[in-house]
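The values are calculated or read from the model by the stated rules, or taken from the named source; none is laboratory data. Note that the coordinates shown come from a computational prediction; the quantities given were computed from them, not determined experimentally. Methodologically, a virtual Cβ is constructed for each residue, glycine included, from the backbone with ideal geometry; neighbour enumeration extends over all protein chains shown.
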Amino acid sequence: MQQENKGFKSGFISIIGRPNVGKSTFLNRVVGQKIAIMSDKPQTTRNKVQGVVTTNESQMVFIDTPGINEPRHKLGDFMLKVAKNTFREVDVLLFVASAADRIGKQDRYVLDMLKGIEVPVFLVLNKIDQVHPDDLPKIIESYRNEFDFAEAIPISALQGNNLENLLAKISERLPEGPQYYPADQVTDHPERFIISELIREKALHLTREEIPHSIAVVIEKIAPDEDNPEMVRVQATIMVERDSQKGIVIGKKGALLKEIGSRARQDIQNLLGSKVYLELWVKVQKDWRNKSLHLRDFGFRDDEY
């Protein structure tokens with residue numbers, strides 16, 4: 001659907017930064033719905049996730065990218081490429097940083113990549129609810145000493161503080177353009193992708209530290225239940241790299257896998273608006289993060305970016 005109103009603005013905005021600064025929390029807050037999974041573990045986001053915010057005056061398409069880190073395996077290479085490739089396809093870049101942490105090596109690693117970028121780069125200083133307001137000017141100044149930001153806007157994605165001001169500033173920078181998506185659409189990702197991410201989120205929350213980076217989720221089937229048309233049957237496989245990890249994910253007498261399924265089913269039902277029968281399996285695919293064929297099989301296709 002195209003917006004014909006003269007003066008209507010539209011554009012694409014990339015959300016970048018090191019891991020754990022609240023990029024996915026920010027995206028979910030601005031679109032008003034959970035489309036990106038959240039975890040306190042780094043590199044939770046692996047693919048770019050697009051969220052759409054439409055007002056009477058503009059349409060903003062936000063791209064949540066993986067947290068930028070120096071890669072240590074092929075999956076890390078893929079995630080870095082996903083993030084960097086958004087630099088040249090957007091109208092505004094949001095560099096998200098945590099007000100609760102001092103500017104560090106990882107922040108500077110991201111900022112070095114942005115040198116020479118022609119589009120406006122905003123400093124979005126998140127987690128201001130964790131610091132005293134009097135400290136904000138000094139924190140912002142420390143970032144401005146590192147990079148020439150077009151805007152510096154403090155926010156709390158968790159509490160929603162100052163987001164309207166940020167959206168207004170972004171809208172000012174967008175060119176006149178069409179409405180790319182219907183007004184009620186909040187993401188361009190298919191349900192299959194979001195369902196796999198919801199399952200992975202629950203596995204991240206419930207497993208030990210050694211597990212998270214080794215987990216991928218493959219959706220095998222989504223279809224109406226043959227015996228109950230009002231119920232959707234979802235079949236998915238959780239992929240891990242080692243036999244020991246498989247045992248951890250399954251848990252004693254299958255208890256942990258059952259809990260992952262129970263929690264994920266609630267979110268999937270909210271997404272689909274119907275009852276869900278969720279079947280989960282766990283499979284070992286050794287060292288899948290370093291094998292291009294498996295990365296492609298699991299949805300990490302770098303030729304799409």
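Of the numbered conditions (1) in a helix (DSSP H, G or I); (2) touching a residue at least 24 places away in the same chain (Cβ under 8 Å), residue 254 satisfies every one except a single condition; which is it?
Only one criterion in (1) in a helix (DSSP H, G or I); (2) touching a residue at least 24 places away in the same chain (Cβ under 8 Å) is unmet by residue 254, namely (2).
Being modelled with pLDDT under 80 and surrounded by fewer than 19 Cβ atoms within 10 Å (Cβ to Cβ), is that true of even one residue in the stretch 198-207?
Just the residues of the stretch 198-207 that are modelled with pLDDT under 80, to begin with: none.
Checked the stretch 198-207: no residue is modelled with pLDDT under 80 and surrounded by fewer than 19 Cβ atoms within 10 Å (Cβ to Cβ).
In this structure, does residue 148 turn out to be farther than 19 Å from residue 15 by Cα and out of contact with any helix residue (DSSP H, G or I) (no Cβ under 6 Å at 6 or more places or on another chain)? It would help to see each step written out before you state the result.
On the way: farther than 19 Å from residue 15 by Cα: no; out of contact with any helix residue (DSSP H, G or I) (no Cβ under 6 Å at 6 or more places or on another chain): yes.
No, not satisfied.
Does residue 212 count as over 17 Å from residue 266 (Cβ atoms), at pLDDT below 85 and crowded, with 17+ Cβ neighbours inside 10 Å? Working first, answer last.
Numbers: over 17 Å from residue 266 (Cβ atoms): yes; at pLDDT below 85: yes; crowded, with 17+ Cβ neighbours inside 10 Å: yes.
When the stated conditions are applied, residue 212 passes them.
Restricting attention to helices (runs of 4 or more DSSP H) lying wholly within the stretch 93-194, give those where 1 or more residues are modelled with pLDDT of 95 or more.
Working: elements: 105-114, 136-144, 163-173.
Answer list for the stretch 93-194: 136-144, 163-173.
Every residue in the stretch 103-116 that is closer than 17 Å to residue 150 by Cβ and surrounded by 13 or more Cβ atoms within 10 Å (Cβ to Cβ), please.
If the condition is that a residue be closer than 17 Å to residue 150 by Cβ and surrounded by 13 or more Cβ atoms within 10 Å (Cβ to Cβ), then 110, 111, 113, 114 are the ones that fit.
Report whether or not residue 170 is crowded, with 19+ Cβ neighbours inside 10 Å, under 29 Å from residue 59 (Cβ atoms) and over 18 Å from the mean Cα position of the chain (by Cα). Full working, then the answer.
Values: crowded, with 19+ Cβ neighbours inside 10 Å: yes; under 29 Å from residue 59 (Cβ atoms): yes; over 18 Å from the mean Cα position of the chain (by Cα): yes.
Spelling it out, residue 170 is indeed crowded, with 19+ Cβ neighbours inside 10 Å, under 29 Å from residue 59 (Cβ atoms) and over 18 Å from the mean Cα position of the chain (by Cα).
How many residues does the stretch 117-153 contain that are polar (S, T, N, Q) and over 25 Å from residue 24 (Cβ atoms)?
The first filter runs over the stretch 117-153 and keeps only residues polar (S, T, N, Q), leaving 126, 130, 142, 145.
Restricting the remaining residues to those that are over 25 Å from residue 24 (Cβ atoms) gives 145.
Qualifying residue count, the stretch 117-153: 1.
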